[in-house]
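The values are calculated or read from the model by the stated rules, or taken from the named source; none is laboratory data. All values reported here derive from a predicted model rather than from experimental measurement. Methodologically, a virtual Cβ is constructed for each residue, glycine included, from the backbone with ideal geometry; neighbour enumeration extends over all protein chains shown.
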Amino acid sequence: MADSQHNTVVAAKQVNIGSWISRGWDIVMADIGSFLLLGLIYVAVIVVASGTVIGEWLVIGPLQVGLFYIIFEKMRGKPINIGDIAKGFNFFVAAVLSNILISVFSAVGFLLCIIPGLIVLALYIFTPALIVEKNLDFWAAMEESRKIVKEHLFEMTLFFFILSLINLVGLLLCGIGIIFTLPLSFAAVAVGYDELVGIEKDKVQ
């Protein structure tokens, strides 16, 4: 019995890329209109802010946190409220600082070679989710993400690479596809977070 229980726990902690993407797809398709609008808002805000690097850094992190907030609420069975994407700005300092540090670390990795850059981005993939779910500061969230991902480093790096390819395809489809592939990617990561960490089912935001 003990061995059976142990095996069940281990199985629940495994990375299943196909399942995560498939479940992310189901989450998005269940409310496709709202997620397309969220994707459009996400892209539009970043485009507007992209006049300066500082502008991008000030919005990308909070937008990521806001998307995870919405997806986690959806996973708890609650309806989507488009305006909740702005709730990421409630975690402004942690979201912005973590995004800046991850950008710098990954840039160094990409300078060394493409693979180290991908590994860095994979290591910190759960940072925005941890900020909103655990209310962690920027460094604590980054460290917690790193500790979670390093146990499955190859699989998680492959997962991030596949999501990057999906978003690249979205961009190649006249740029329009990205408003679907971005929410899909976030949803897949949210599913992965739930598998490896577990969201608080009855969390009151």
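Here are some notes:
- Meets criteria (of a type outside the set (Gly, Ala, Ser), assigned to a helix (DSSP H, G or I), within 15 Å of Arg146 (Cβ to Cβ) and modelled with pLDDT under 95) for Pro128: no
- Sole exception among (1) part of a helix (DSSP H, G or I); (2) farther than 26 Å from Ile32 by Cβ; (3) in contact (Cβ under 8 Å) with a residue 60 or more places away in the chain for Thr157, by number: (3)
- The set of residues in the range 169-192 that are farther than 16 Å from Ile41 by Cβ, in a helix (DSSP H, G or I) and out of contact with any Phe, Trp or Tyr (no Cβ under 8 Å at 6 or more places or on another chain) comprises Val169, Leu171, Leu172.
- Pairs linking a residue in the range 26-54 that is of a type in the set (Val, Ile, Thr) to a residue that is exposed (fewer than 12 other Cβ atoms within 10 Å of the Cβ), with Cβ atoms under 9 Å and 6 or more positions apart or on different chains, are Val43/Gly175.
- Applying the condition of being of a type in the set (A, V, I, L, M) and touching a residue at least 40 places away in the same chain (Cβ under 8 Å) to the range 190-205 and asking which residue is surrounded by the most Cβ atoms within 10 Å (Cβ to Cβ) yields Ala190.
- Within the range 13-40, the set of residues being of a type in the set (A, V, I, L, M), farther than 18 Å from Pro128 by Cα and either out of contact with any Phe, Trp or Tyr (no Cβ under 7 Å at 6 or more places or on another chain) or outside any helix (DSSP H, G or I) (or both) comprises Val15, Ile21, Ile27, Met29, Ala30, Ile32, Leu37, Leu40.
- Filter result for Phe110 (within 18 Å of the chain's Cα centre (by Cα), in a helix (DSSP H, G or I) and aromatic (Phe, Trp, Tyr)): no
- On inspection, Phe105 fails the criterion of being surrounded by fewer than 22 Cβ atoms within 10 Å (Cβ to Cβ), in contact (Cβ under 8 Å) with a residue 24 or more places away in the chain and not in a loop (DSSP other than H, G, I, E, B).
- Only residues that are closer than 27 Å to Val93 by Cβ and among the hydroxyl-bearing types (Ser, Thr, Tyr) were counted in the range 141-183, giving 1.
- Residues satisfying the stated conditions in the range 167-189, i.e. surrounded by fewer than 19 Cβ atoms within 10 Å (Cβ to Cβ) and under 18 Å from Phe68 (Cβ atoms): Asn167
- Filtered residues of the range 65-85 (kept if surrounded by fewer than 17 Cβ atoms within 10 Å (Cβ to Cβ), assigned to a helix (DSSP H, G or I) and touching a residue at least 24 places away in the same chain (Cβ under 8 Å)): Ile82
- Filtered residues of the range 55-64 (kept if farther than 25 Å from Val191 by Cα and touching a residue at least 24 places away in the same chain (Cβ under 8 Å)): Trp57, Leu58
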